[in-house]
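Quick notes on the structure that follows.
Any read-out appearing in this document is the output of simple, stated calculations on the displayed coordinates, not a laboratory observation. Because the structure is predicted, anything quoted here is derived from the model rather than measured. Backbone-built Cβ (ideal geometry, glycine too); neighbour counts: all protein chains shown.
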Amino acid sequence: MSLSRADVVRVADLARLRLSDSEIDAMQTQLSRILEHVSALQAVDITGVEPTAQVTDLVNALREDANRASLAREAVLANSALTEQGMFRVKAVFEE
């Protein structure tokens, strides 16, 4: 399947991307190749193949959950640009 230039411009517009003419040409080629690969995958006979969420065995590699001492507040706050009353001070979302 080959995408038209208009298709690429439409996809870029939906993704809110500004592409130059050379980028549109490159994306037209690349996206068309991707769609060709997907078409080839759709031609594969998967009759009798069970759906799979994970093809390898998963092993949980987390450490044991154990209590331990935390860092001293003064040591943590020493790396902060702004502190106030023993806490980090950050700008509010709407502050300028």
### Query
Name the trypsin sites (Lys or Arg not before Pro) in segment 1-34 that are in a loop by DSSP and that have at most 14 other C-beta atoms within 10 Å, would you?
16, 18
### Summary
Between residue 3 and residues 5 or more places away or on another chain, the pairs with built amide H atoms under 5 Å apart involve 32
### Task
Within 10 Å of each residue's Cβ, count the other Cβ atoms and sort 82, 62, 3 from fewest upward.
62, 82, 3
### Task
Collect residues whose amide H, placed 1.01 Å from N in the peptide plane, falls under 5 Å from the amide H of residue 83; neighbours closer than 5 in sequence don't count.
89
### Message
From Cα pairs below 8 angstrom and at least 6 apart in sequence, can you work out the relative contact order of the chain, rounded to a whole percent?
### Response
20 percent
#### Entry: Karplus-derived 3J(HN,Hα), 6.51/-1.76/1.60, for each residue of segment 45-57, Hz, glycine and proline x
7, 10, 4, x, 8, 6, x, 10, 8, 9, 8, 10, 5
### Message
Apply the Karplus curve 6.51 cos²θ - 1.76 cosθ + 1.60, θ = phi - 60°, to the phi angles in segment 77-87 and return the couplings in whole Hz, x for Gly and Pro.
### Response
5, 5, 8, 8, 6, 10, 9, 7, 6, x, 9
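Please give the charge dipole size of the chain, origin at the Cα centre, charges +1 on K and R Cβ atoms and -1 on D and E Cβ atoms. Round to the nearest 20 debye.
About 320 debye.
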### Query
Which whole-Hz ³J(HN,Hα) couplings does segment 70-76 yield from phi under the Karplus relation 6.51 cos²θ - 1.76 cosθ + 1.60, θ = phi - 60°, glycine and proline marked x?
8, 5, 5, 4, 4, 5, 5
### Query
Expressed as an acute angle from 0 to 90° and rounded to the nearest 10, what is the orientation of the C-alpha long axis of helix 21-42 relative to the principal long axis of the chain?
80 degrees
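Which value at 222 nm does the chain reach when only helices count, each DSSP H run of 4 or more adding -39,500 (n - 2.57), with the total divided by all residues and rounded to the nearest 500 deg cm²/dmol?
It comes out at -12000 deg cm²/dmol, rounded to the nearest 500.
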### Task
Specify which labelled value, from [x] 1.00; [y] 2.12; [z] 1.14, agrees with Cα Rg over 2.2 N^0.38 Å derived from the coordinates of the model shown.
[y]
